[in-house]
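Shown next, in structure tokens, is the structure this report addresses.
Rule-based calculations on the coordinates, nothing more; no lab input. Quick caveat: nothing in here was measured; it's all calculated off a predicted structure. Glycine also receives a Cβ, built like all others from the backbone with ideal geometry; neighbour counts cover every protein chain displayed.
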Amino acid sequence: MKEEKSLSESLATTISQEEVSILSDLGEIALDSVLKDGLLKDIPFVSTAVSLYRIGKSVHEREQIKKLASFLDEIRLHTVDESEREEYLRKIRDNPKKRDKELEYALVIIDRYIGYDKPRMLAKMYLAYLREEVDWDEFAVFSEVIDRLLPNDYPALLDANYNYIARDGLGSEPYLRLAALGMIYEKSSDPPYIPYGTGDNAGIFFNSSTFDRAYRNEKVYKRTDFGNKFVRIIEGKEK
């Protein structure tokens, strides 16, 4: 009887098989075709997960397979550089027991995600972990943030680095949710009065913009360092 590969071994095999296509448009393929032996044999990590976790033919389980394939596809998209790919493979193979536990955690998290974009985000975060841009605790926190992040809130996160102004009751909900995740914070308003000069020449400027903002009940939001790090990893650059 053939011994089943571990998760870390099967991930390394998947990354190293350049000729294998993980199919970026997997979501458009009929569910039944996802479970065909031919496709699963072409995706070692998915095949191992199916075997180890007894993923079968229910709608939920089929969706899980497709989310796993999205996760793998994103990893492969970012491991085209040969030297970088070899470094990832070395780290995966150096401590297989540790990597198996990490990948088991990733499987649990991916199962909770809705849709195929979040597994792709997690893949980028996992590669950042292998590059040591984040430690394991940060990876775990980011994976939970991805789970709670609403798709329509992500564009607001990209804007928030530029002192986005929101008015209560008029489109501010995404910023309140992002603030609850620690991704942005409400920036303090400028002081209403700005002193200038000294002695007989001393005086104050009246900062009308601060009063106008208070009158309109507007709030200014900016990304936290935590939010900046998240965006940098997901977008691949500062944005």
Calculated FRET efficiency for the pair THR198/ASP135, C-beta based, R₀ 45 Å, to 0.05
0.35
Between GLU104 and LEU150, how many nm apart are label points set 7 Å from Cα along the C-beta direction?
3.5
Compute the length gained on full extension between GLU86 and LEU52: take 0.36 nm times their separation in residues and subtract their Cα-Cα distance, giving the result in nm to one decimal.
9.6 nm
At a Förster radius of 30 Å, what calculated FRET efficiency corresponds to the Cβ-Cβ distance of LYS222 and ILE114, to the nearest 0.05?
0.60
Listed by chain and number, the residues whose amide H is under 5 Å from that of LYS187, excluding neighbours fewer than 5 places away on the same chain and using placed H, are VAL220, TYR221, LYS222
In whole Hz and in residue order, list the ³J(HN,Hα) couplings for the range 104-113 that follow from phi through the Karplus curve 6.51 cos²θ - 1.76 cosθ + 1.60, θ = phi - 60°; x for Gly and Pro.
4, 4, 4, 4, 5, 5, 4, 4, 7, 5
